[in-house]
Amino acid sequence: MFTRADVDGDGALNSREMHYANFLAGHYVVQETTTLIFSLVDRNGDGLIQNAEVQQTIEDLRRSGGPGLPTAESLSNNFRHVDGDHDDALNRREVNGYVATMLHSH
């Protein structure tokens, strides 16, 4: 499946190819979902989501009265779980995988 998804043949999957790989695997992920997540959470615009950015986003949502938000401890545990390469940042591949898992489980 990797070879089929690697449309440009460069041996790596960019965000569009990752979206296609998810589609091929039967996990249709709307690319706009990942783009929306990054636009809301990637505060410094570096293309990665750091744990501090997640924490700050949730804190901002709490201040605005967002219901049923997770605790800081729960967020940190989830962040570590989604951070597959353990670099303390979530890249688009990791977020796509998380979104695909969430959509598939519901």
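Things worth noting here:
- Positive-end ranking of ALA52, PRO70, ASN14 along the dipole of the chain, with charges on Cβ about the Cα centre, is headed by PRO70.
- The chain gives an Rg/Rh value of 1.00, both radii derived from C-alpha positions and Rh following Kirkwood.
- Here the chain is treated with +1 on each Lys and Arg Cβ and -1 on each Asp and Glu Cβ, and its dipole about the Cα centre works out to around 380 debye.
- Accessible area expressed per residue, the chain, with surrounding protein chains retained (probe 1.4 Å, Å²): 64 Å²
The values are calculated or read from the model by the stated rules, or taken from the named source; none is laboratory data. Nothing here was measured: the structure is a model prediction, and the numbers come from that model. In this analysis, Cβ positions are derived from the backbone assuming ideal geometry, glycine residues included, and neighbour counts consider all displayed protein chains. Surface accessibility is based on the protein's heavy atoms, side chains included, excluding ligands, DNA and RNA. Shrake-Rupley method; radii C 1.70, N 1.55, O 1.52, S 1.80 Å.
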